[in-house]
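Visitor: Input: one structure, supplied below.
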Amino acid sequence: MAGSRTYRTRALVLDKVKLKEADLILTLLADSGRQIRAVAKGARKPGSRLAARCELFCTTDLLLAHGRNLDIVSQAELLEAPLGSTPTYERMSAASAVADIARLCCYEDAEDPYIFSITQRALQVVGDVSTDAVHLDIVVAAYVFKVLSHLGYRPDFSSCVACGDAAVSYFSASAGGLLCGSCASSIPGAEPVDATQVEWLRACIHARFDELASSPIDVTTASYLLALAHLWAVTHLDARLRALEFMLGR
């Protein structure tokens, strides 16, 4: 209804912050791709059903009321909890990294349904019991590269970004992708990559999360790819990503 004070939306819960004694401020990613910040009043009171229906990483159907600065959660219904009721330490870490990136890539005044759909799917794969700890790294790395590519920060993994040479052996976030050995010598901070890692970097852009989660990969390669994704995100989002740092053991 035009001019209505309330509205309904389906949203992912990306972050929760305590407010006063019993309230929570939720950072939400609506299915339209818009970021919403809303207050869940009384969510921290003992026995509150609201808190359980607005848990981190869950998809929730919400009735929200427009507020002066923050919207207010009037009703909430849990639709999906991809990590289940007892998520592992590794899955919580990976989901936190996905939510951290999503929070920085959605905006209150811009709709982008792609961000919602890819974030929801990434969380579903992270929560799948068949996705082991090693593959969590590659799924999160792929999420970073896919989302930032969508926003316009697409790395060039086809050839050397400086001269076009197909023989690439270095990665540079500041240069924009892969480099040949000659060009990398003049780029500070260029990271070496071998042929296998190059193929995995390309797969991070083109392959689906399900394919990546079921493909054989060793611990060292997966961890290194995650480190490169972290470097790419920090460079182009210009923000500290604590959840990714935590995954990398920093």
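Visitor: Over the alpha-carbon set of the range 35-121, divide Rg by the Kirkwood Rh and report the Rg/Rh ratio to two decimals. Let's see the in-between values first.
Guide: On the way: Rg = 13.8 Å, Rh = 14.3 Å.
Dividing the radius of gyration by the Kirkwood radius yields 0.96.
Visitor: On a full-extension model of 0.36 nm per residue, what is the gain between Glu77 and Asp165, subtracting their alpha-carbon distance, rounded to one decimal in nm?
Guide: On the way: separation 88, 0.36 × 88 = 31.68 nm, distance 5.36 nm.
Extra length available between Glu77 and Asp165 comes to 26.3 nm.
Visitor: Please compute the length gained on full extension between Tyr89 and Leu151, using 0.36 nm multiplied by the number of residues separating them and subtracting their Cα-Cα distance. If you can, show how the numbers build up before the last one.
Guide: On the way: separation 62, 0.36 × 62 = 22.32 nm, distance 2.98 nm.
Length gained between Tyr89 and Leu151: 19.3 nm.
Visitor: Pop out the carbon and sulfur fraction of the accessible area of the chain as a percent, whole number, probe 1.4 Å.
Guide: Details: 5970 of 12010 Å².
Result for the chain: 50 percent of the exposed heavy-atom area is carbon or sulfur.
Visitor: Right, next: Just subtract the alpha-carbon distance of Arg208 and Ala239 from 0.36 nm times their residue separation and send over the number in nm, one decimal. Working shown, then result.
Guide: Working: separation 31, 0.36 × 31 = 11.16 nm, distance 2.66 nm.
Here the answer is 8.5 nm.
Visitor: Further question: Calculate log10 I(q)/I(0) of the chain for q = 0.07 Å⁻¹, where I(q) comes from the Debye formula with a single equal point scatterer on each Cα and nothing for solvent.
Guide: -0.27
Visitor: With contacts defined as alpha carbon pairs under 8 Å and 6 or more residues apart, what's the relative contact order of the chain in percent?
Guide: Numbers: 464 pairs, mean separation 40.1, N = 250.
Over the chain, the number comes to 16 percent.
Visitor: Connecting C-alpha atoms closer than 10 Å in a GNM of the chain, tell me which of Leu28, Leu78, Leu228 has the biggest fluctuation.
Guide: Leu78
Visitor: Here is a further query. If R₀ is 22 angstrom, what is the calculated FRET efficiency for the pair Thr220 and Val129, using the beta carbon separation as r and rounding to 0.05?
Guide: Working: r = 24 Å, r/R0 = 1.09.
Working from the Cβ atoms, E equals 0.35.
Visitor: What's the tally of Lys pairs in the chain whose alpha-carbon atoms lie under 16 angstrom apart, where the two lysines are 8 or more places apart or on different chains?
Guide: On the way: Lys16/Lys41; Lys16/Lys45; Lys18/Lys41; Lys18/Lys45; Lys20/Lys41; Lys20/Lys45.
Summing the qualifying lysine pairs gives 6.
Visitor: At q = 0.13, 0.20, 0.29 Å⁻¹, what log₁₀ I(q)/I(0) does the range 115-180 have when each alpha carbon counts as one equal point scatterer in the Debye sum?
Guide: -0.47, -0.82, -1.12
Visitor: Give the Debye-formula value of log10 I(q)/I(0) at each listed q (0.22 Å⁻¹), with one equal scatterer per alpha carbon of the range 71-188, two decimals each.
Guide: -1.16
Visitor: Counting alpha carbon pairs within less than 8 Å and at least 6 residues apart, what relative contact order, in whole percent, applies to the range 156-196? Kindly include the intermediate steps, with their values, before the conclusion.
Guide: On the way: 70 pairs, mean separation 15.1, N = 41.
After rounding, I find 37 percent.
Visitor: To continue, here is another question. With runs of 4+ DSSP H residues as the only contributors, calculate the mean residue ellipticity of the chain at 222 nm using -39,500 (n - 2.57) per run, divided by the residue total and rounded to the nearest 500. Show your work: numbers first, answer last.
Guide: Details: 9 runs with 102 residues, N = 250.
One gets -12500 deg cm²/dmol as the mean residue ellipticity at 222 nm.
Visitor: Rounded to the nearest whole Å², what accessible area per residue is found for the chain with the 1.4 Å probe? Don't skip to the end; give the middle numbers.
Guide: Values: 12010 Å² over 250 residues.
Spelled out: the 1.4 Å probe surface of the chain, per residue, equals 48 Å².
Visitor: What is the Cα centroid distance between the range 41-55 and the range 177-246, reported in whole angstrom?
Guide: 39 Å
Visitor: Using Cα pairs under 8 angstrom and six or more residues apart, how large is the relative contact order of the range 76-186, in percent?
Guide: On the way: 114 pairs, mean separation 22.0, N = 111.
So the answer I get is 20 percent.
Visitor: Run the 1.4 Å probe and let me know the accessible area of Cys105, rounded to the nearest 10 Å².
Guide: Looks like 0 Å² after rounding.
Visitor: Shifting gears a bit: Between 0 and 90 degrees, rounded to the nearest ten: what's the tilt of helix 89-105 against the longest Cα principal axis of the chain?
Guide: 90 degrees
Visitor: What are the principal axis extents of the Cα atoms in the range 110-250, in Å, biggest first?
Guide: Here the Cα extents, ordered largest to smallest, are 43, 38, 29 Å.
The values are calculated or read from the model by the stated rules, or taken from the named source; none is laboratory data. Remember, predicted model here, so these are calculated numbers, not experimental data. We place every Cβ from the backbone using ideal geometry, glycine too, and count neighbours over all the protein chains shown. Areas reflect the complete protein model, heavy atoms only, side chains present, ligands, DNA and RNA absent. Shrake-Rupley method; radii C 1.70, N 1.55, O 1.52, S 1.80 Å.
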